[in-house]
Amino acid sequence: MKWLLLPLAIIAVYSIYYGSYYLVCPDGEGEGILAELNIPHPAVIAHRGASIVAPESTRPAYEIARDLGSDYLEADLQRTADGHIIVFHDQTLRRTSNVEELYPERVDADIGEFTLQELRQLDFGSWFNEQFPRYAQEHYRGLEILTLEELIAVARAGHHRPGLILETKHPYKYPGIEEDIVTVLQQEGWLEDDHPHAGTIFFSFSVGSLRTFQQLVPKVPRLLLITDSMISRRSWEAWLATAEAVAHGLGPKGFMAWPWHIAAAHDRGLFVFPYTINYLWQIQVLARFQAAGFITDRPEIVLGFLNRINGMQQPSPGDELSAIPLEPGRLHGQSGNGQ
Ligand code: G3P
Ligand code: CA
């Protein structure tokens with residue numbers, strides 16, 4: 001009789017999974033919500049570029065993500081001491097540059113205290129080669145920081161034309177950064193460009209920052225990001241109510257994107273893009289749960305799952321690591337400091 005246990009266990013897990021699935025009745029409304037906003041469904045969003053295989057937030061990371069066919073390039077935006085909008089995640093330069101070599105007395109200084117000219121002296125690629133030798137490339141050495149203008153040029157340069165999903169990072173440190181970002185987008189003609197889909201989405205953990213974008217450029221879609229500490233303070237329903245007032249969608253961490261949470265968001269006309277979704281099994285589950293898009297460090301995996309990959313071998317079923325092998329401990333080790 002022991003031989004029966006395994007098949008019975010499989011049937012039980014299967015039934016609970018699909019039973020729950022049909023009980024919560026996923027509605028498929030995410031596609032319609034995105035269609036209203038002219039956002040492709042499901043949207044593939046390359047988080048800091050293809051940041052598993054190239055140094056995050058650098059030109060090659062974004063070029064790879066673009067050429068794979070990602071719908072959006074995700075970028076964290078901050079402002080230099082002399083007013084340039086730059087693409088950078090952390091508060092300090094310590095993790096992803098050689099700041100210790102060049103400015104040893106400023107390793108813990110905020111990036112916003114540096115001028116663009118000072119940042120241009122730094123190497124934003126060699127740390128990656130040292131830390132991830134499997135993906136190291138000679139041409140990653142000496143990579144420069146990107147400005148928003150340069151990111152726009154990357155998005156425009158390829159055969160495939162991705163949009164930009166732009167996050168105000170630590171916006172309380174940069175009063176007026178939303179106006180500055182909109183000014184750059186307007187000066188570059190990006191907002192008026194003829195994009196295949198909505199060319200820009202703004203997103204932030206800051207409700208205030210989204211409200212400012214809402215006032216400045218109300219037609220550009222917005223997304224409220226939600227992290228652990230936020231969801232421990234207020235319920236999903238409370239965040240939905242907040243999001244409804246300032247945004248068109250929510251970006252929760254993957255573990256918060258339960259089907260009943262997504263269905264409740266759809267009931268309010270909000271779409272859900274979970275982050276940071278890097279494994280095939282996560283994509284399969286969240287697609288079932290009706291996630292309308294995937295924020296990922298590994299766009300090739302999501303695009304492979306969707307049969308939309310450009311010029312790359314698709315992962316075989318059950319082999320989520322076949323396109324680009326992953327080093328152990330890699331997926332959540334790169335977040336950096338702070339929101
Ligand atoms: O994609 C959501 C994500 O960008 C927010 O987290 O810290 O990677 O910017 P973080
Ligand atoms: Ca981000």
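Laboratory data are not the source of any read-out in this text; all were calculated from the coordinates shown. Not measured: the values here are computed from a predicted model. A quick note on method: Cβ atoms are made from the backbone with ideal geometry, for glycine too, and the neighbour counts reach across all protein chains shown.
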Subject >> Dipole magnitude of the chain, debye to nearest 20 (Cβ charges: Lys/Arg +1, Asp/Glu -1, about Cα centre) >> reply: 980 debye
Original post:
For region 63-113 and region 165-232, what is the separation of their C-alpha centers, rounded to whole Å?
Top reply: 17 Å
Subject >> region 96-234 - percent relative contact order, Cα under 8 Å, separation 6 or more >> reply: 16 percent
Original post:
Under 5 Å between amide H atoms, partner at least 5 residues away or on a different chain: which partners does A50 have, H built in plane at 1.01 Å?
Top reply: Y62, I64, A65
**OP:** Please provide three numbers in whole Å: the alpha-carbon extents of region 60-103 along the principal axes, with the largest listed first.
**Re:** 38, 23, 13
Original post:
If you average over every viewing direction, what projected area does the convex hull of the Cα atoms of region 177-272 give, in nm²?
Top reply: 6.6 nm²
Original post:
Hey, how many Å between the Cα centroid of region 29-56 and the Cα centroid of region 245-261?
Top reply: 14 Å
**OP:** Restricting things to alpha carbons, find the Rg to Rh ratio for region 92-234 using the Kirkwood radius for Rh.
**Re:** 1.00
Subject >> region 87-167: proportion of alpha-carbon pairs further apart than 21 angstrom, % >> reply: 38 percent
Original post:
Quick one: Debye curve from the C-alpha atoms of region 1-144, no solvent, what's log10 I(q)/I(0) at q = 0.09, 0.14 Å⁻¹?
Top reply: -0.49, -0.78
Original post:
When the convex hull of the Cα atoms of the chain is projected onto a plane and the area is averaged over all directions, what value comes out in nm²?
Top reply: 18.6 nm²
Subject >> GNM result for the chain, Cα springs below 10 Å: residue of F205, F294, F255 fluctuating most strongly >> reply: F255
Original post:
So how much slack lies between Y172 and E150, counting 0.36 nm per residue of separation and subtracting their Cα-Cα distance, in nm?
Top reply: 5.5 nm
Original post:
Whole-Hz Karplus ³J(HN,Hα) for region 142-150, in order, using 6.51 cos²θ - 1.76 cosθ + 1.60 and θ = phi - 60°, x for Gly and Pro?
Top reply: x, 4, 8, 5, 9, 8, 4, 4, 5
Subject >> Computed E for E244/E179 - FRET, C-beta separation, R0 22 angstrom, nearest 0.05 >> reply: 0.35
Subject >> Dipole of region 121-252 [Lys/Arg +1, Asp/Glu -1 at C-beta], most positive-end residue of S204, H159, L185 >> reply: S204
Original post:
Quick one: in region 22-103, what % of C-alpha pairs are over 17 Å apart?
Top reply: 62 percent
Original post:
So what J values fall out for region 47-55 if you push phi through Karplus, 6.51 cos²θ - 1.76 cosθ + 1.60 with θ = phi - 60°, rounded to Hz, Gly and Pro as x?
Top reply: 6, 6, x, 7, 7, 7, 9, 8, x
Original post:
Which lysines have a Cα lying under 19 Å from the Cα of K253, excluding residues fewer than 8 positions away in the same chain?
Top reply: K169
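Let me check against my output: what whole-number percent is the relative contact order of region 101-183, with C-alpha pairs under 8 Å and at least 6 apart?
19 percent
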Subject >> Those residues of region 113-127 whose amide nitrogen sits under 11 Å from the label point placed on A81, 7 Å along Cα→Cβ >> reply: 113-119
Original post:
Once every DSSP H run of n ≥ 4 in the chain is given -39500 (n - 2.57) and the sum is divided by its residues, what mean residue ellipticity at 222 nm do you get, rounded to the nearest 500 deg cm²/dmol?
Top reply: -10500 deg cm²/dmol
Original post:
How far is helix 236-246 tilted off the main Cα axis of the chain, in degrees rounded to 10, range 0 to 90?
Top reply: 50 degrees
